[in-house]
1. Give me the net charge for the shell around Lys41: Cβ to Cβ below 14 angstrom, other residues only, Lys and Arg +1, Asp and Glu -1.
2. If you add up the charges near Glu87, with Lys and Arg at +1 and Asp and Glu at -1, over every other residue whose beta carbon is less than 9 angstrom from its beta carbon, what do you get?
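Computed from the coordinates by the stated procedures, all read-outs in this text should not be read as laboratory data. Everything numeric here is computed off the predicted structure, so don't read it as measured data. Reconstructed Cβ throughout: ideal geometry from the backbone, glycine too, with neighbour counts over all protein chains shown.
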Amino acid sequence: MLQQEMIRRGITLPIVFLSAHGDIDMAVDTMRSGAVAFLRKGSDRTRLLDAIWSAIERAEGAEPEDAAREVARWQTLTDREREVLIEIAHGLSNQEIADKLFISLPTVKTHVAHILSKINARDRVQAVVFAYENHLV
């Protein structure tokens, strides 16, 4: 893909990646490549505008204004929720997370629901992006 190739080649423009697909692997690859944000087509205007402003601020060499708010959201997670979020970012399914962390599947589902609520993410893809943006992975 052209956008990912631009990122890999070190083009210094900050990139907001907009995709019609909500593929977690694509989000992970995009964020690992250095994109400012990964949004799905149809994301609400607030998220899109936040991503654009973050890209502009990064291009100007400034830290995004909402960086403190992002850290605050990250800090609301319990240690176990952080562990679960990291495993989500690594692409594990709920069952794989349960097996790896030696917890039940319903417990994982509860943690995922709490994580999404606390970080204000609509789905796992947004949670992955959040994890990468906050350097959890």
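1. On the way: positive: Arg40, Arg45, Arg47, Arg122; negative: Asp23, Asp44, Asp123.
Combined, the nearby Lys, Arg, Asp and Glu give +1.
2. Summing Lys/Arg as +1 and Asp/Glu as -1 gives -1.
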